[in-house]
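The values are calculated or read from the model by the stated rules, or taken from the named source; none is laboratory data. Given the structure is predicted, the values throughout are model-derived calculations rather than measurements. Here the Cβ is made from the backbone with ideal geometry for all residues, glycine too, and neighbour counts use every protein chain on show. Surface accessibility is based on the protein's heavy atoms, side chains included, excluding ligands, DNA and RNA. Shrake-Rupley method; radii C 1.70, N 1.55, O 1.52, S 1.80 Å.
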Amino acid sequence: MVAATHGPLAGLRIVELDMPGTVLFAGMLLADLGCDVIRIRRPGSEGSTVAAPLYRGRSQVLLDLSQAAGREQALSLIAEADGVIEGYRPGVAEQIGLDPARCLALNPRLVYARTSGWGREGPLAGTPGNDINHLALSGALHAIGPAAAPVPPLNLIGEYAGGALYLALGLVSGILAAQATGRGQVIEASQVDGVASMMSLYYALHASGRWVDARTANMVDGGAPYYRCYACADGRHVAVGALEPQAFRALCAGLGIAADRFDPYDRAAWPALTEALAAAFASRGRDEWAALFESGDGCVTPVLSLTEAPLHPQNRARGTFAALDGGLQPVPTPRFSATPAEALPPVDESVEEVLGRWGAA
C-alpha cells in the first residue's frame, strides 16, 4: 500500500488513466508530492522496465477498460477521488464511458484533468503527433538550435514542461477551487498551449522589436558569444552564461582577454568575440576551465554527461540524485521544509483494497 502520508498534497486522491508521456510524468510529480495516485494499468501496458522509476509512488490497479466490469471498477474509484488525469486521443474516453460528463455526474466535486498534444479543437485535434511536432507549431522549436536547422530539446519542453507540469498545476488549482465551492470542473492542458505560454517573454520581445526571429541571433539562444557552449582542448565543453557586465569582465579576465577589447552588446562585434573566446577555451581541457572559474563571477560551468552529473559536488551536496530501482534518479522537487516529498516504489493493489482504505468499501 502506497497511501502517501508524506508531502504537501497528502490526502488528495487521484486516479491516473495510464498513458505514457505526459500523464505518466504528471502522475509521478503528483505522487512525489504526496497525492494518493491510483494508476489504472491496462492489460498489456506493463510499461518499460527502463521507465520504471517514473511509475514510483503509485498504487497500480490492473483493469481491462474495454470490458464493462473494468469500467465499472474504474468508476467506483473515480466516485471517491478528488481528481482524474487522462491523456487519451480526443473521443476515446467518451467511447469507453470514462468521459468527464459521466465522471462529474457521478462525482460532482471531481476535477477531471485531460491532456493532449494539439488540444481538443481545431483542424489537428485527434491527429497523430509527437513532442517535436507540438513544439513546431508553438514557435518554440524554430528558436532552438544552430542556424542550419532547429534541434529538438529532448521531450523536456513539450511533453513534460508544457504538458505534464501545466496538467499537474491545473489539477491542483482545480481541486483547490472544488474544495472552496464543492464543484468540480474539466481542466485541459495541451502541449502546444503550454509551450506557447512558456514563450510569452519571447513573443513580447519579438513584438517590441527586441527579438530577431532567427536562431543564434539573440542574447540567450546561442547568438551572444558570452551565452553559449565552447569546445575545450579535450573535446568536451563548457557552458558560458556571462550576461551581466561584471560576469563578462570576469570571463575575459579568466581567459586572458582584455575586457575593453570588445563591446559585448555590439552585435557587429559578436563574430570576432566568438572567435577569441573559442580560441581561448580550446587551449585547455574542460575541467581545467571549470576549476579556474568555479569560485569566480565568470559564469562558466562544465557541460556534464548523464554519468557525470550525479557525481558533481553541488549535486551531491544537495542530494539531487538518489538510488532508486537499481540506479541513480533525480529526487522529488521542489523541496518543502515542513512537508517533505518522498520517492516511494510502486505497489500493486486491488480496487477493493484501495476503496477499503479510502473508507468506501
Practice problem: Treating only the Cβ atoms of Lys and Arg (+1) and Asp and Glu (-1) as charged, compute the dipole magnitude of the stretch 206-361 about its Cα centre; round to the nearest 20 debye. | Solution: 500
Quiz item: Between Ala69 and Val303, what length in nm is gained on full extension when 0.36 nm per residue of separation is reduced by their alpha carbon distance?
Solution: 79.0 nm
Quiz item: Ratio of the stretch 232-309's C-alpha Rg to 2.2 N^0.38 Å, to two decimals?
Solution: 1.08
Quiz item: If you take the beta carbon distance between Arg120 and Leu243 as r and set R0 to 30 Å, what does 1/(1 + (r/R0)^6) give as a FRET efficiency, to the nearest 0.05?
Solution: 0.15
Self-check item: Net length gained if the chain between Ala101 and Ser208 were fully extended (0.36 nm per residue, minus Cα distance)
Solution: 34.2 nm
Exercise. Pull out the extension gain between Val92 and Phe336, defined as 0.36 nm times the separation in residues minus the alpha carbon to alpha carbon distance; nm, one decimal.
Key: 84.1 nm
Practice problem: Find, among the GluC sites (Glu not before Pro) in the stretch 15-96, those assigned to loop by DSSP (not H, G, I, E, B) with at most 13 other beta-carbon atoms within 10 angstrom. | Solution: Glu46
Quiz item: Taking a probe of 1.4 Å, how large is the accessible area per residue of the chain, in Å²?
Solution: 48
Self-check item: Spatial separation of Cα centroids for the stretch 324-361 and the stretch 180-200, in angstrom
Solution: 25
Practice problem: Could you tell me what percent of the accessible area of the chain is made up of carbon and sulfur, with a 1.4 Å probe and every protein chain present? | Solution: 58
